[in-house]
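The values are calculated or read from the model by the stated rules, or taken from the named source; none is laboratory data. Because the structure is predicted, anything quoted here is derived from the model rather than measured. Every residue, glycine among them, receives a Cβ derived from its backbone with ideal geometry; neighbour counts consider all protein chains shown. Accessible surface is based on the protein model in full, side chains and every heavy atom, while ligands, DNA and RNA are left aside. Shrake-Rupley method; radii C 1.70, N 1.55, O 1.52, S 1.80 Å.
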Amino acid sequence: MDLTYTEEEEAFRAGLREWLAKVLPGLPPKPDPGDWPARRAYDLGWQRMLYDAGYAGLHWPVDAGGRGATPTQHLIFLEETERAGAPYVGANFVGLLHAGPTIAAEGTPEQRARWLPPILRGEEVWCQGFSEPDAGSDLASLRTRAVRDGDDYVITGSKIWTSHAEVADWCELLVRTRPVSDEVPKHRGITWLALPMDAPGVTVRPLRTLAGSTEFAEVFLDEVRVPAANRVGAENDGWRVTMVTLSFERGTAFVGEVVACRRVLGELAREARANGRWDDPSLRRRLGRLNAEFRALWRLTQWNVSESERTGGVPGVGGSVFKLRYSHARQELYDTAAEVLGPDALDLSREWTLDRLSSLSYTIAAGTSQIQQNIVAERILGLPKNG
Amino acid sequence: MSAVYFQLSDDQRALQAGVRELLAGRFEREALRAAVDEAGVDGSGARLDRGLWRELGEAGFFALRLPEADGGVGLGLPEAVLAFEEAGRALLPGPLVATHLAAGTVPGAAEGQTVVTAVDGALVEWLDEADVVQGDASGAMPLHSVDPLTPLHRVHAVVPTTAGADNSLAGLLTAAEQLGGASRTCDMAVRYARDREQFGRPIGSFQAVKHLCAQMLVRTEVARAAVYAAAVTADPLDIAAARLLADEAAVRGARDCLQIHGGMGFTWEADVHMYLKRAWVRARRGGDAAAPEESLAAELLLPEKR
Ligand SMILES: Cc1cc2nc3c(=O)[nH]c(=O)nc-3n(C[C@H](O)[C@H](O)[C@H](O)COP(=O)(O)OP(=O)(O)OC[C@H]3O[C@@H](n4cnc5c(N)ncnc54)[C@H](O)[C@@H]3O)c2cc1C
């Protein structure tokens, strides 16, 4: 066990800090959260800056256009960008963390050449069309149908909770290409397709979240034609292809956020001292415990990253352990923020009030806590299925 | 390959396996139950197995961190933490932490010849069996200990626990024991959940049971990351954090394990209660959770170090 950085890593950190200090003051002002085109432009602009400076796709393999950085360098990158207050991945999330890595792992050379560079250069936005009205936790029961017709698939159905759908160019879409039967289990008839969001027959209807904004949407698909060349992986093999993506999602997607939570914790303490609530020992102790919590989550991240390095694979079910604890800790953080704010906790113009509302999605999105507990119990602890 | 590598090395794995094997051979369930029978419900008859203590000494358990030039093993805190985790997992009794910390200063401690205990706030563990007592134990009165294998005395001249380096290390080694206990109760719960059947199927197929087990694992693994990191950095705040998380994992883990055992969990016969009682005893060491929580809170107000 070793937690010291090499000179090389410290040099990487120093170079990154210097660059951030130089470019961040020149960034345009943050767009209005309700202005999606502006948000898209802002997020893509930031990605382009990363690309020009050589920081895009740091953790992607070199043959996919990435930098092939070590996991530790990737952690340093996420730590430093967050610390410096750099923009989040935002609309680039699916491209950089789901669709891109999936294409890098499973795509043909042509597919990689077509889709990966625009993600890295900040030119195209992806969204994720997995969930359906009747297929959430039970994702494999999805029903959106794709029928082969010549060189195309013809797709009919609907998706829901699709984040960033309003501004996406592409959607990583899961469709059913073989009906479920006694011989065909539900997860053996699913195919992964890249859907151009401007294809005729695609309708996006934004959905309002409980925070009042439109973070996600319904996507209706009415006989949409998608070339078979847009299929990644074999027909009916989409479930396996998807699982590669989901383990990425649970393994490393929250690293920057843990750093952010530690920063927020410091802000909470200072706010509490300024408004006098710091004098309440029970509040102080709650903040102290959260400090322990986020320190441990940071260490667990390092542990998981080193483990994937050791086993040479993508992060696996260990990510479920992390996600369960982290999503809970984040909610506890903003509940504590409410205690710090006192009556202001009911004021939507306070940033932490909105953050408290968003934190409610953490135990639902990307696999609910109940589903994560099933995964931990069945796949790590080996308890029998079917509760 | 980068230098940050937060996984056990091959040597560390071997050490972990070695200690586990030693304890499995020398302090298996029968020995544990025999020790409990001798101790009685309140620990009044508890005796230390001096032969086992010397064997631990010979195996290097106490001299682990002493330099080789001084007859020690020359290893570091991470190795000590792994050894103490195994001790916690096996529910090994005795003032292990105090004796380990006394190695090199109290003659015979390193070899397992001398049993050393230390006054900890208002309590002393294993006072009657110890050869050397650190701190002022005058006027110590025996308690009916909740844990049969940790006889306790109450001292009246309460000296506030100081925040010295040794106290911090004691906290870390205690956290390591708690981690071992948490990990063991998780294993016990999972095994019972697989074997025990009700309604014609293993109780581990019921989600209510499954989710208790999953939560036990999550708490254990979060505590593990915190404890191992604190062993590497030896930073007092990392240790404070490790303590809080390991105490939580051990106490709640033992309680959930008890719940999963049903009526059996409430018996003397099942081992579960001993894990819970030991976890309670360890969680009291160095005082309650207030001090580590306050120091972690205070740190939030410091300007960023990096
Ligand atoms: C903010 C946000 C963004 C999202 N973005 C996207 C996106 O971009 N793309 C996308 O495809 N999806 C997205 N989702 C969808 C998300 O993945 C689903 O909401 C999630 O998988 C749960 O599905 P569901 O909403 O249908 O709930 P359900 O599956 O209906 O679950 C309802 C309740 O039942 C419980 N439950 C269900 N099955 C079980 C079981 N077997 N055992 C125990 N309890 C069970 C659940 O835990 C939950 O409490 C997003 C969701 C949110 C909240």
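Descriptive notes on the structure:
- Those residues of the range B:35-53 which are in contact with a helix residue (DSSP H, G or I) (Cβ under 9 Å, 6 or more places away or on another chain), in a loop (DSSP other than H, G, I, E, B) and of a type outside the set (A, V, I, L, M), in sequence order: B:G45, B:R47, B:D49
- Qualifying residue in the range A:40-57 (condition: within 14 Å of chain B (Cβ to nearest Cβ) and not in a loop (DSSP other than H, G, I, E, B)): no
- Enumeration of residues in the range A:357-387 that are in contact with a Ser or Thr (Cβ under 7 Å, 6 or more places away or on another chain), within 11 Å of chain B (Cβ to nearest Cβ) and either part of a helix (DSSP H, G or I) or aromatic (F, W, Y) (or both): A:S369, A:I371, A:Q372, A:I375, A:V376
- Verdict on A:D335 being of a type in the set (D, E, K, R), open to solvent by 30 Å² or more (accessible area, probe 1.4 Å) and within 26 Å of B:A249 (Cα to Cα): yes
- Test for A:T162: is it in a strand (DSSP E or B), within 16 Å of the ligand (Cβ to nearest atom), closer than 22 Å to A:M243 by Cβ and open to solvent by less than 20 Å² (accessible area, probe 1.4 Å): yes
- Checking B:D256, B:D238 one by one, the residue that is facing chain A (nearest Cβ under 8 Å), under 23 Å from A:G318 (Cβ atoms), touching a residue at least 12 places away in the same chain (Cβ under 8 Å) and of a type in the set (D, E) is B:D238 and no other.
- Boolean, A:A217 is small (G, A, S) and in a loop (DSSP other than H, G, I, E, B): no
- Residues (in contact (Cβ under 8 Å) with a residue 40 or more places away in the chain and part of a loop (DSSP other than H, G, I, E, B)) located in the range B:128-142: B:E129
- If only residues of the range A:108-137 that are open to solvent by 70 Å² or more (accessible area, probe 1.4 Å) and either within 14 Å of chain B (Cβ to nearest Cβ) or part of a loop (DSSP other than H, G, I, E, B) (or both) are counted, the one that is nearest to the ligand (Cβ to nearest atom) is A:S137.
- In the range A:324-356, the residue that is nearest to the ligand (Cβ to nearest atom) out of those that are part of a loop (DSSP other than H, G, I, E, B) and closer than 20 Å to A:E215 by Cα is A:L348.
- Screening B:V209 with (1) closer than 20 Å to B:G265 by Cα; (2) open to solvent by 10 Å² or more (accessible area, probe 1.4 Å); (3) within 17 Å of the chain's Cα centre (by Cα) gives one miss only, at (3).
- Matching residues, the range A:268-308, being within 24 Å of the chain's Cα centre (by Cα), at the interface with chain B (Cβ under 7 Å from one of its Cβ atoms) and of a type in the set (D, E, K, R): A:R295, A:R299, A:E307
- The C-beta contact set for the range B:261-286 (first residue at positive phi, second residue assigned to a loop (DSSP other than H, G, I, E, B) and open to solvent by 40 Å² or more (accessible area, probe 1.4 Å), distance under 6 angstrom, 6+ apart or interchain) comprises B:G286/B:T161.
- Among residues of the range A:86-106 being within 15 Å of the ligand (Cβ to nearest atom) and of a type in the set (A, V, I, L, M), the one that is most open to solvent (accessible area, probe 1.4 Å) is A:V89.
- Residue within the range A:357-376 that is away from the ligand (no atom under 12 Å from the Cβ) and either within 17 Å of the chain's Cα centre (by Cα) or farther than 25 Å from B:R194 by Cα (or both) present: no
- Selection from the range A:165-189 of residues that are small (G, A, S) and not in a loop (DSSP other than H, G, I, E, B): A:A165
- Filtering the range A:220-229 to residues that are outside any strand (DSSP E or B) and open to solvent by 40 Å² or more (accessible area, probe 1.4 Å) leaves only A:A229.
- Hey, B:A214 in contact (Cβ under 8 Å) with a residue 12 or more places away in the chain, among the small types (G, A, S) and either closer than 30 Å to B:L96 by Cα or surrounded by 24 or more Cβ atoms within 10 Å (Cβ to Cβ) (or both) or not: no
- Residue that is surrounded by the most Cβ atoms within 10 Å (Cβ to Cβ), among those in the range A:138-157 that are within 16 Å of the ligand (Cβ to nearest atom) and not small (G, A, S): A:L142
- Residues in the range B:183-199 that are within 12 Å of another protein chain (Cβ to nearest Cβ) and more than 28 Å from B:A279 (Cα to Cα): 2 in all.
- Residue within the range B:83-101 that is in a loop (DSSP other than H, G, I, E, B) and either in contact with a Cys (Cβ under 7 Å, 6 or more places away or on another chain) or surrounded by fewer than 16 Cβ atoms within 10 Å (Cβ to Cβ) (or both) present: no
- Residue among A:A99, A:A53 that alone is among the hydrophobic types (A, V, I, L, M, F, W, C), touching a Phe, Trp or Tyr at 6+ places or on another chain (Cβ under 6 Å) and within 25 Å of A:G129 (Cβ to Cβ): A:A99
- Enumeration of residues in the range A:65-85 that are surrounded by fewer than 18 Cβ atoms within 10 Å (Cβ to Cβ) and more than 25 Å from A:A113 (Cβ to Cβ): A:R83, A:A84, A:G85
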